[in-house]
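Take a look at the structure set out below.
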Amino acid sequence: MRLKKHESKFLLIPKSQDHEDAGIIPVCTDRIPSVLIVRWFDLFCFGFAMCSYVLDFFSDIGIAIFHFLAGRHLSGALVLTFALLPSIIINIISMVWMLDDEMHWKRRAHPRRIGTFELNGKRFISLGKMIALCLFQMGPLFWYYKAFYYGWMFFKSEKDNTDGEKKMFFIKMVEAERDATFLRFFEAYLESAPQLIIQGSIAANYFQNYYLSGSYPYWLYFQAASLTLSIISISWSVVVQNRSLRMVSENKVNIWPHEAVLQFCWRFLTISSRIITLVAYVLVFGIYMIPLICAHLIVTFAHVIFLQALHYESHTHMEILLLFINTIIHIFTPFNMADGQTRYRHLAAYTVEFLEMITIFIWLPSPLDTFPFIDKVRYGVPIAFTIGIFIMMIYYQFFHPNRRQHVNDTETNESPLISIKTFEKVDNVEDSSEKTVKIDDEPVSECDFVKTST
């Protein structure tokens, strides 16, 4: 049903509740499956995210330095600005969250609070190291390292570990991963996506200028590598954000490794095609691209509010904010922020992208008509986009996690809340690639998995 408001699956807001104790902060209850699984793929996701974050950030800084050294100060300033400013914002948020965890632990507002402290009162990381990480723009690495550490502790847990310790390792891993993916998602669209348009336009201009000479400056190869890393960063951030939300959503099952790979391939191809299309528009229209972006935002906002209207009880301002954020994200790639079926949402968004792409490559105005290898580009980009859409259709038709939703609900009897009883190893499921733990069905009354500061 269109124009129907949906619950958001992007951000959970605590519902207002009356508490006798004014010191207790209301929280949302997230779901942890009754069978807890940590695979090698989960640990790989954490490690890959850390490496890609570092490479993406420092490649942008390196490209800015190359431009400054070559006397291209405007290009260097643009690259440096869109690398540092979003990073500073993300690291400020990261630092606030670190201090928020510490503050809540000290106030003991939540006896079970999982913050930057261990249960015995020992800090997971010192305050000085927190500040140093954020000053060097590496704050998000703390959350990935924390998720990796507790995931590894769960994975290598032996029989002599208590059941409570194993459960706590899993809970800490999930919370840290949720915070890390949230930060990385916004970093991708605050920094990586704008960088792609800026660096892509710069690289395209210089590539065209140096094409006739037959040789290219060394920095152009680094620029191409930086562009590739940024596309990988955006594509992967969408995948892990979806994976993280499914891990703690009440009515979802988690993504398996092959499903995540399909999602990544689909996103990588469609986002690459979209960025090339946007760069083509910039080369043609220059500063006059801004009115075209505004027109795109108007069309996008119309189908987003028509198909993805959100509902937050007593949080109308939050609904508007998230709709605005979703509209901005749609400049680069479609994103489903609301619960419900995605087919019509993706159909509308990808149709708009396809029409914009076909328009510029069929029209082929100057200077695109003289661009090197333009014949290959004008056909290659739509083909790559079509392959990405085809992979998306295969994913939704055959590999979407919801296709095994009823199987998990009946066979594993997943409880919507975490159990407080002790849990046991599931018979005949432990192997060399994953660690599995099963929890009894009695639920906990509340589980603090939501940043109260958000």
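Structure values in brief
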{"item": "Condition met for LEU78 (of a type outside the set (D, E, K, R), surrounded by fewer than 17 Cβ atoms within 10 Å (Cβ to Cβ) and either part of a helix (DSSP H, G or I) or at pLDDT 90 or above (or both))", "result": "no"}
{"item": "Cβ-Cβ under 6 Å pairs, at least 6 apart or on other chains, the stretch 194-220 side surrounded by 19 or more Cβ atoms within 10 Å (Cβ to Cβ), far side of a type in the set (Asp, Glu)", "result": "GLN195/ASP60"}
{"item": "Test result for LEU278, outside the structural domain of GLY340 (by the TED database), of a type outside the set (Gly, Ala, Ser) and either open to solvent by less than 10 Å² (accessible area, probe 1.4 Å) or under 15 Å from the mean Cα position of the chain (by Cα) (or both)", "result": "no"}
{"item": "Helices (runs of 4 or more DSSP H) within the stretch 255-339 that include 3 or more residues touching a strand residue (DSSP E or B) at 6+ places or on another chain (Cβ under 7 Å)", "result": "316-329"}
{"item": "Scan of the stretch 149-166 for residues that are touching a strand residue (DSSP E or B) at 6+ places or on another chain (Cβ under 9 Å) and modelled with pLDDT under 75, ordered by number", "result": "SER157, ASP163"}
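The values are calculated or read from the model by the stated rules, or taken from the named source; none is laboratory data. All figures in this text were calculated on a predicted structure; none of them were measured in a lab. Every residue, glycine among them, receives a Cβ derived from its backbone with ideal geometry; neighbour counts consider all protein chains shown. With ligands, DNA and RNA removed, areas are computed over all heavy atoms of the protein, side chains included. Shrake-Rupley method; radii C 1.70, N 1.55, O 1.52, S 1.80 Å.
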